[in-house]
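Notes to accompany the following structure.
The values are calculated or read from the model by the stated rules, or taken from the named source; none is laboratory data. Nothing here was measured: the structure is a model prediction, and the numbers come from that model. Positions of Cβ are generated from backbone atoms using ideal geometry, with glycine treated the same way; all protein chains shown enter the neighbour counts. In case anyone asks, the SASA skips ligands and DNA or RNA and just uses the protein heavy atoms, side chains included. Shrake-Rupley method; radii C 1.70, N 1.55, O 1.52, S 1.80 Å.
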Amino acid sequence: MLKFIAGRLLVSLAVAFTISLVTFFLLNIFTDPAQAVAGEEALFEEIEQIRVQYGFDRPIFIRYIEWLGGIFQGDFGVSYYWNKPVGTLLLDRAPQTITLALMSVTVTIIVAIPLGILAALNPNTILDRIALSIAVSAQAIPNFWFGLILIIIFAVTFPIFPVSGDKTYYHFILPSIVLGTSSVPPVMRLMRTGLLDVINSDYIRTARSIGFYGWKLVIKHALRNAILPIVSVIAVQLGHKFGGSLITESIFAINGLGRLALLSILGADIPTVQILILVFAITFIIFNLLSDILNAYLDPRLRS
């Protein structure tokens with residue numbers, strides 16, 4: 001098990017390093033950081049002065065080494081747009097994105113797993129068709145459209161939930177539904193397929209022969225093995241929520257990392273964009289690593 005974890009950890013570190021390298025070089029080659037600091041209306045002389053002052057005239061590889069070294073020391077740089085340390089911006093915005101991600105994944109689990117079980121226990125019936133139709137609809141509906149519809153119905157026409165903001169958990173209900181619904185299709189389909197495979201296996205037939213039927217058979221015997229692939233998908237979806245909440249946070253005016261990324265891109269705030277891309281990537285890598293370790297723990301065959 002330790003050998004398996006070490007191998008996955010080395011791969012994860014290599015991927016994180018590659019992402020940091022590619023991100024830094026692309027952002028600094030295709031965007032002029034001196035121009036971003038000086039502003040669009042700055043004169044050529046002012047831009048050149050800033051280029052020398054901030055060290056942008058030095059070789060890009062040296063700047064990358066210094067930037068990477070600063071990250072290891074906890075120095076993420078200073079935002080050009082907000083004129084604040086990037087680390088402070090991350091600490092201020094991260095709780096909102098974490099809350100939204102956890103609540104949206106909870107919505108996914110509550111909706112997708114029961115739908116998948118219902119479809120698997122009633123294959124090729126009207127219940128199966130309804131469950132699959134719900135999954136297809138959830139995949140086809142754009143987040144921005146679904147979010148606006150929910151605001152119109154549940155915040156304007158019937159003022160049950162707040163229109164926008166992030167002051168309380170109540171403010172996160174509508175955005176969590178929007179973000180969580182988009183992950184229902186893959187989880188639901190995998191739950192259905194996995195449970196169908198398990199139900200048709202030999203040990204389930206044996207369980208039936210000794211008197212196990214209905215939900216007792218599903219919960220005690222079938223669901224435990226069928227849910228193993230769901231662990232990886234949920235972990236991937238949770239990692240995706242941290243970096244994929246940009247549209248949802250913008251619609252509901254949630255001051256999280258997604259909205260921070262949007263404003264940083266629009267403001268050509270290179271230090272903030274660099275760190276955000278790296279944070280999103282590392283978060284995704286960590287959740288994938290944890291899902292691999294958990295799956296290997298639950299299924300020893302995966303360790304080989």
Would you please name the residue that is farthest from F252 (Cα to Cα), looking only at residues in the range 96-122 that are open to solvent by 60 Å² or more (accessible area, probe 1.4 Å) and within 14 Å of the chain's Cα centre (by Cα)?
-> T106
Helices (runs of 4 or more DSSP H) contained entirely in the range 49-153, each with at least 3 residues that are touching a Phe, Trp or Tyr at 6+ places or on another chain (Cβ under 9 Å) = 60-72, 86-121, 143-151
Please give the number of the condition D128 fails out of (1) open to solvent by 70 Å² or more (accessible area, probe 1.4 Å); (2) over 25 Å from the mean Cα position of the chain (by Cα).
-> (1)
Residues satisfying the stated conditions in the range 16-41, i.e. in contact with a helix residue (DSSP H, G or I) (Cβ under 7 Å, 6 or more places away or on another chain) and part of a loop (DSSP other than H, G, I, E, B) | T31
Filtering the range 155-169 for residues that are farther than 24 Å from P95 by Cβ and hydrophobic (A, V, I, L, M, F, W, C) leaves a count of 3
Is there a residue being open to solvent by 50 Å² or more (accessible area, probe 1.4 Å), under 24 Å from the mean Cα position of the chain (by Cα) and either at pLDDT 90 or above or among the charged types (D, E, K, R) (or both) anywhere in the range 159-168?
-> yes
Looking at (1) open to solvent by 10 Å² or more (accessible area, probe 1.4 Å); (2) in contact with a helix residue (DSSP H, G or I) (Cβ under 9 Å, 6 or more places away or on another chain), which is the only condition L266 fails?
-> (2)
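Let's see how each residue does on (1) in contact with an Asp or Glu (Cβ under 7 Å, 6 or more places away or on another chain); (2) farther than 29 Å from K241 by Cα; (3) open to solvent by 90 Å² or more (accessible area, probe 1.4 Å); (4) at pLDDT below 90:
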| residue | (1), (2), (3), (4) |
| --- | --- |
| F4 | no, no, no, yes |
| W67 | no, no, no, no |
| N83 | no, no, yes, yes |
| D92 | no, no, no, no |
